[in-house]
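Bear in mind that the values in this text are calculations on the coordinates, not laboratory data. Treat the numbers as computed from the prediction; the structure is a model and nothing was measured. Counting neighbours? That spans all protein chains shown, and the Cβs are built from the backbone with ideal geometry, glycine included.
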Amino acid sequence: MNNYQPNERGYWGEFGGRFVPETLMFPLEELTEMYFSVRDDADFQAQFLQLLKDFSGRPTPLFHAQRLSEKLGGAQIYLKREDLGHTGSHKINNAIGQVLLARKMGKKRVIAETGAGQHGVATATVCALFGLECVVYMGTEDMRRQALNVFRMRLLGAEVRGVDSGSKTLKDAINEALRDWVTNVDSTYYLLGSALGPHPYPLMVRDFQSVIGREAREQIIEKTGSLPDCLVACVGGGSNAIGLFHPFLNDESVRMIGVEAGGKGNVLGEHAARFNEQGGGKIGVLQGTKSYLLQDTNGQIALTHSVSAGLDYASIGPEHSFLHSIKRAEYVSASDNEALDAFQILSQTEGIIPALESSHAIAYLQKLAPELSPAQTIICNLSGRGDKDVNQVQEMLLTK
């Protein structure tokens with residue numbers, strides 16, 4: 001049995017680690033020490049689980065999507081309804097855990113980055129709950145695409161700082177958040193939103209998000225009497241996917257598939273599929289961690305594209321790169337058009353409007369489900385709801 005834990009330096013195999021300026025080494029060591037002290041602390045974990053239950057509304061349901069299963073043919077599809085959690089996505093799980101950690105460390109100011117805005121909303125929400133100052137960095141292109149979430153964050157009392165550099169998306173927002181943290185390490189906690197960045201963030205975020213997979217495991221056994229045949233989740237940085245996958249990693253019969261953003265083409269700059277080696281995916285270092293990332297022939301970080309702001313990122317969490325390298329998980333992609341189609345299909349067959357991020361996972365179900373038998377089951381993580389995306393989708397459908 002493999003416990004799938006990183007080593008003491010934060011590496012899963014060759015992936016992970018801590019590649020940061022010297023000024024961040026001490027706060028990262030401090031964070032690591034504090035996290036490991038609370039990881040097995042009964043009082044901390046009890047408070048975390050109580051807030052997940054009473055504030056966020058967990059457990060989220062595991063829903064048998066019967067009409068979608070009939071439409072696609074083949075396997076029975078179950079949706080893990082993270083869209084029903086407070087604030088509308090899985091991001092609240094990690095935000096609660098890390099804000100509790102920030103409070104234990106005595107930090108009064110919290111900063112975060114966000115792409116689709118859901119992590120920013122979740123962070124602003126928990127900061128409002130505990131009366132903490134909150135600053136969220138967001139690329140101005142993402143602010144345009146996700147105007148509703150920008151307003152939600154401001155309504156919750158957060159300051160949203162637009163980032164105009166680079167592609168004006170998630171990568172650039174992370175850069176600005178890291179610059180802020182370097183300047184304000186004594187007073188500020190950096191609440192990173194996905195399972196990436198320098199150690200201990202990939203481990204910490206995975207642990208907080210693993211509640212998804214633990215619940216799904218119990219729920220599918222209760223409903224069907226057995227483990228699922230396959231797990232499917234969209235993958236940007238990778239927190240919703242690793243949260244679902246992790247509690248099943250030692251179950252060799254369970255197939256795991258992460259769905260990246262195939263964008264509008266296979267050419268570098270037209271997609272965000274980090275494992276697409278023909279499309280520029282190579283091993284490298286970005287924003288504190290060693291993983292697969294999109295880069296040109298000179299090793300420069302490439303621009304990315306996705307219809308989904310939350311998947312529009314040049315790198316991926318190091319544990320996903322490790323699972324890819326040992327062939328424990330498979331990674332595929334869905335295009336913009338496939339995601340837009342899936343957005344409409346789930347809405348019309350099940351009355352559930354998914355986030356554009358989650359729509360990439362739904363899109364791949366259209367290929368996967370018919371390959372399996374009606375006796376087999378798939379759990380698809382519905383990582384967020386689509387309210388934030390309806391205006392963007394409406395504009396895109398009108399121009400098609």
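Quick notes on this structure:
- Residues Leu303, Leu178, ranked from the fewest to the most other C-beta atoms within 10 Å, line up as Leu303, Leu178.
- With neighbour counts taken as other beta-carbon atoms within 10 Å, the residues Thr123, Thr60 rank, fewest first, as Thr60, Thr123.
- Magnitude of the charge dipole for region 1-141, about its Cα centre and with charges confined to Cβ atoms of Lys, Arg (+1) and Asp, Glu (-1), is about 480 debye.
- For region 304-380, the list of trypsin sites (Lys or Arg not before Pro) that fall in a loop by DSSP and count at most 14 other C-beta atoms within 10 angstrom reads Lys327.
- Charged-residue dipole, Cβ positions (Lys, Arg, Asp, Glu), the chain about Cα centre, Debye nearest 20: 400 debye
- Within the chain, Cys230, Cys234, Cys380 have no other Cys Cβ under 4.7 Å of their Cβ and so lack a disulfide-compatible partner by this rule.
- Placing R0 at 35 angstrom, the Cβ-Cβ distance between Glu33 and Lys327 gives a FRET efficiency of 0.55 after rounding to 0.05.
- For region 296-309, 3J(HN,Hα) per residue [Karplus equation, 6.51 cos²θ - 1.76 cosθ + 1.60, θ = phi - 60°, Hz, x = Gly/Pro]: 7, 5, 9, x, 7, 5, 8, 5, 10, 9, 7, 4, 9, 4
- FRET E, pair Asn184, Lys400, Förster distance 41 Å, beta-carbon r, rounded to 0.05: 0.35
- The charge dipole of region 241-400, taken about its Cα centre with unit charges on the Cβ of Lys, Arg, Asp and Glu (plus for the first two, minus for the last two), comes to roughly 280 debye.
- ³J(HN,Hα), Karplus 6.51/-1.76/1.60, whole Hz, each residue of region 90-106, x for Gly, Pro: 5, 4, 5, 4, 5, 4, 4, x, 6, 5, 4, 5, 4, 5, 5, 7, x
- Pairwise centroid distance, computed over Cα atoms, of region 25-63 with region 146-170, Å: 26 Å
- Remark on Glu330: its backbone amide H falls under 5 Å from those of Met256, Ile257, Gly258, a criterion applied only to residues 5 or more positions apart or on other chains, H modelled at 1.01 Å from N.
- Long pairs among Lys80/Lys264; Lys171/Lys282; Lys91/Lys388, criterion Cα-Cα beyond 19 Å: Lys80/Lys264
- Cα→Cβ-extended label distance, 7 Å offset, between Thr224 and Asn266, nm: 3.3 nm
- The candidate values are (i) 17.9; (ii) 19.9; (iii) 21.6; the one derived from this structure for mean projected area of the Cα convex hull in nm² carries the label (i).
- Close amide H pairs (under 5 Å, H built 1.01 Å from N) link Ser335 with Gly262, residues at least 5 positions away or on another chain.
- Charge dipole (the chain, unit charges on Cβ, about Cα centre) - positive-most of Asn149, Ser167, Thr183: Asn149
- Computed from backbone phi, the HN-Hα couplings of region 321-328 come to 4, 5, 4, 5, 5, 9, 6, 7 Hz, rounded to whole numbers (Karplus: 6.51 cos²θ - 1.76 cosθ + 1.60, θ = phi - 60°; Gly and Pro given as x).
- Shape call, region 227-374: gyration tensor on alpha carbons, a/c limit 1.5: oblate
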